[in-house]
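The values are calculated or read from the model by the stated rules, or taken from the named source; none is laboratory data. Just so it is clear, the model here is predicted, and its values are computed rather than measured. In this analysis, Cβ positions are derived from the backbone assuming ideal geometry, glycine residues included, and neighbour counts consider all displayed protein chains.
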Amino acid sequence: MRHSDAHLTEQDLLLAIDGELPLEETQHVRTHLEGCWTCRTKMREMEDTIADFIRARDETMPPFPAADGPRALLKARLRELARSEPSSAWERVRLGMLRRRVAAVALVAGLGALFVIGSLQTGEADHDGAAHRSHFANASVPDPQITPGAVLPVTKDDVCGTDVVEAVRVVPVDVARQVFAAYKIERPEPRAYEVDYLITPALGGSDSIRNFWPQPYRNTIWNAHIKDALEDHLRRMVCQGEIELAKAQQEIARDWIATYKKYFRTDAPLAEHATFLKDRPWE
Amino acid sequence: MVTDGASSSFAVAASTKAAQDAALEKDVVLLFDLWRAPLLGYISTLRLAIEDGEEVVQEVFLALFQHLRSGRSRENLRGWVFRVGHNLALKRRAALQRPFLQQPDGALDEVRDAAPNPEQMLAMKQRQARLLAVVSALPDQDRCCLHLRAEGFRYREIAEVLGISLGSVALSLGRSLERLRHADR
């Protein structure tokens with residue numbers, strides 16, 4: 001029971017200021033305020049504090065980038081999304097890829113910044129970082145203990161029914177960090193690696209950490225450019241019925257270099273694949 | 001060209017769907033123009049960098065498109081957008097394992113001048129700096145309530161955005177305001 005001569009609590013005053021009191025209580029507060037200088041002063045102080053906070057907040061809000069770029073990006077992504085029907089497992093893969101593309105701009109910038117910060121922090125760091133790399137760091141093949149490969153339950157129709165070849169795949173920065181950490185690469189050189197799917201999503205590969213490894217572009221002739229070319233070739237073969245999807249997944253996971261040699265009928269990478277670039281390098 | 005009934009209905013359905021998607025895209029872009037800045041502002045109070053905030057905003061409006069496309073409720077979309085933005089921002093912050101984004105040194109000194117008198121100006125700057133320091137030290141939930149209230153959300157909406165009770169919102173705002181009032185002491 002409220003006594004009309006008792007002062008109002010700050011809670012009541014705030015609720016009254018914010019118009020959150022029930023009608024009956026609002027009337028009581030109003031009546032009390034009319035007769036109480038103390039509560040009126042307290043209420044005015046509270047309103048002044050709110051006003052000061054709002055001013056301070058508005059004046060220190062960081063300037064946001066212009067909306068034009070983000071709006072255009074959103075429109076493009078909405079159109080892409082509209083073309084999809086997120087019902088099957090394969091579509092969820094595509095949505096995942098779309099989300100990664102949404103992340104692309106900031107991630108590239110963020111990773112670049114991380115590298116710069118990392119370089120600044122290390123100061124006299126060795127330029128090639130060789131001392132920090134495991135024996136798999138410059139290898140053409142993943143460590144099967146860390147990256148055995150992982151797939152989604154998709155069918156050939158799922159894989160071939162959707163055009164994903166042109167999709168730019170960007171691995172989230174936290175996943176990339178985990179992959180580099182698993183391979184004991186402490187300061188990865190920008191644009192030297194592709195944090196790649198062992199089994200590409202275009203063949204039903206999943207986003208599991210067990211399906212990623214840092215594939216070098218340099219230091220080996222069996223590099224990320226060559227594997228990208230194989231991935232496209234295998235998908236084409238699967239879709240043309242020349243090879244079973246499961247077989248393509250198994251072969252690329254077991255030994256992608258042997259698979260390349262087998263299907264391109266060569267013992268060395270083809271010259272035309274040396275600059276093949278489907279996926280985005282880690283920056 | 002002769003078409004059977006099934007394929008012509010399919011064509012009509014497809015073109016209707018395309019038209020619906022186009023109209024929906026227009027709606028979502030309009031809402032993006034309306035709410036991007038306040039949402040980005042709110043997300044920045046969750047201590048995410050602007051570029052991460054832009055990311056989250058994009059994801060929110062893509063999710064909004066999906067939400068509307070699947071025929072779900074259009075009631076209080078602003079609350080929906082902030083709720084999804086809040087959750088995605090926290091998720092992103094956790095994924096990045098980013099420590100608190102500290103306000104850069106001198107940021108509090110950059111409060112813009114609004115008073116002509118140098119003494120008043122200095123006093124006002126100092127007060128604003130103290131207020132912002134208090135806000136920055138508030139627990140996450142209190143800070144979120146305060147910023148959402150500043151965005152014009154009612155208590156019930158704040159409760160929905162943050163997934164807490166109405167009473168918690170009132171207590172949280174009361175607590176924050178008390179700390180702000182005592183910032184000068």
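Summary table
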{"read-out": "Subset of the range B:139-151 that is buried (at least 19 other Cβ atoms within 10 Å of the Cβ) and of a type in the set (A, V, I, L, M, F, W, C) - its residue that is farthest from A:Ala16 (Cα to Cα)", "value": "B:Cys144"}
{"read-out": "Test: residue in the range B:5-15 that is facing another protein chain (nearest Cβ under 10 Å), assigned to a helix (DSSP H, G or I) and at pLDDT below 90", "value": "no"}
{"read-out": "Which numbered condition A:His32 fails, given (1) over 30 Å from B:Met121 (Cβ atoms); (2) out of contact with any Ser or Thr (no Cβ under 7 Å at 6 or more places or on another chain)", "value": "(2)"}
{"read-out": "Of all residues in the range A:42-57 being surrounded by fewer than 18 Cβ atoms within 10 Å (Cβ to Cβ) and acidic (Asp, Glu), the one that is nearest to B:Arg130 (Cα to Cα)", "value": "A:Asp48"}
{"read-out": "Selected residue (only one of B:Ala23, B:Ala18 is modelled with pLDDT of 80 or more and either under 30 Å from B:Leu162 (Cβ atoms) or at the interface with another protein chain (Cβ under 10 Å from one of its Cβ atoms) (or both))", "value": "B:Ala18"}
{"read-out": "Count of residues meeting criterion [closer than 17 Å to B:Thr45 by Cβ and buried (at least 19 other Cβ atoms within 10 Å of the Cβ)] in the range B:152-171", "value": "6"}
{"read-out": "Search result, residues across the range A:11-41 that are within 13 Å of another protein chain (Cβ to nearest Cβ), crowded, with 18+ Cβ neighbours inside 10 Å and in contact (Cβ under 8 Å) with a residue 12 or more places away in the chain", "value": "A:Asp12, A:Leu13, A:Leu14, A:Ala16"}
{"read-out": "Which listed residue, of B:Arg98, B:Arg83, B:Arg74, is modelled with pLDDT of 85 or more and basic (Lys, Arg)", "value": "B:Arg83"}
{"read-out": "Among residues of the range B:66-91, those that are assigned to a helix (DSSP H, G or I) and surrounded by fewer than 23 Cβ atoms within 10 Å (Cβ to Cβ), counted", "value": "15"}
{"read-out": "Some residue of the range B:117-135 being surrounded by 12 or more Cβ atoms within 10 Å (Cβ to Cβ) and not in a helix (DSSP H, G or I)", "value": "no"}
